[in-house]
Amino acid sequence: MVAIKLYGSTVSTCTKRVVTVCKEIGVNYELVPVDLATGEHKSEVFLEQRQPFGAVPVLVDEDGTQLYESRAICRYLAAKYGKNSGLLPDTGNVKAYGLFEQAASIEYSTFDPLASGLVWELAFATAFGFPSDEKLGQKQLHTLKEKMDGYERILSKQKYLAGNSFTLADLFHLPYGAEVKNIDASVMDSKPNVKRWWDEISSRPAWKATESVSESLKLDDWYIYGVIMPVTPQVHDLAL
């Protein structure tokens, strides 16, 4: 049975992205906690041996292969262990793969910068004890709502972002999408096809399982990181 190690944190959206893929394709994993509160991810050992930029998550496969950057890890896992999952189109199908990469690029270049920015300003910054910029967060929220018009156009013509099959391009939205919806549900609910798409992908068993673990630990984790232990400046730069 395959068993990988995943260095990360239950409060990290990027870690949750990888955990969800593991659950989708049935890969056993060991979550190795990284102590973000004390800046373990910025230690010389972590920087030299795990992640040169001091962020999480980091994958160590059973054969010793080591990868960082959550989307790269997800692609790797889907290609190696999830060949029949449909999460990643066969590169031999040039059209399907091109449409997948197009959809994945939308998440990375359009959705994520706005979603991660507004979630930091309107939720995470305060939770971690940092000053927040409400005006900036609201501006990013407004812009994201405008961008969802493009999503509606795409999803009015097909079931998912890359076509009519669920892929990593859809899954990549889940961690920050859930946080955005907690802040303002209208981002996902105000447009019929976006709502239909979001309701479907966020109801997948793999994501629900990831969320249930995260939710059961979240209060303790926030308490540890935000109250019992003083939050260090390094926490802000950790690929949440």
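Yes or no: ASP35 at pLDDT below 95 and of a type in the set (Asp, Glu)? Write out each step before concluding.
Values: at pLDDT below 95: yes; of a type in the set (Asp, Glu): yes.
Judged against the criteria, ASP35 is a match.
Summed over region 45-94, residues that are of a type outside the set (A, V, I, L, M, F, W, C) and part of a loop (DSSP other than H, G, I, E, B) total 21. Within region 98-151, the residues that satisfy the criterion of being surrounded by 16 or more Cβ atoms within 10 Å (Cβ to Cβ), in contact with a Lys or Arg (Cβ under 8 Å, 6 or more places away or on another chain) and not hydrophobic (A, V, I, L, M, F, W, C) are THR110, TYR151.
The residues of region 22-44 that are within 20 Å of the chain's Cα centre (by Cα) and part of a helix (DSSP H, G or I), listed by number, are CYS22, LYS23, GLU24, ILE25, HIS41. Taking region 138-240 as the region of interest, the helices (runs of 4 or more DSSP H) fully inside it that hold 1 or more residues being of a type in the set (Ser, Thr, Tyr) and at pLDDT 95 or above are 174-183, 186-189, 205-223. Taking region 52-87 as the range and being crowded, with 22+ Cβ neighbours inside 10 Å and touching a helix residue (DSSP H, G or I) at 6+ places or on another chain (Cβ under 7 Å) as the test, the residues that pass are ALA55, VAL56, PRO57, LEU59, SER70, ILE73, CYS74, LEU77, ALA78, LEU87. Identify, please: which residue in region 5-32 is at pLDDT 95 or above and either touching an Asp or Glu at 6+ places or on another chain (Cβ under 6 Å) or acidic (Asp, Glu) (or both) and is, among those, nearest to SER70 (Cα to Cα)? Going through the qualifying residues, I end up with LYS5.
The values are calculated or read from the model by the stated rules, or taken from the named source; none is laboratory data. As the structure is a computational prediction, the values presented were derived from the model and not from experiment. Cβ: placed from backbone, ideal geometry, glycine included. Neighbour counts: every protein chain shown.
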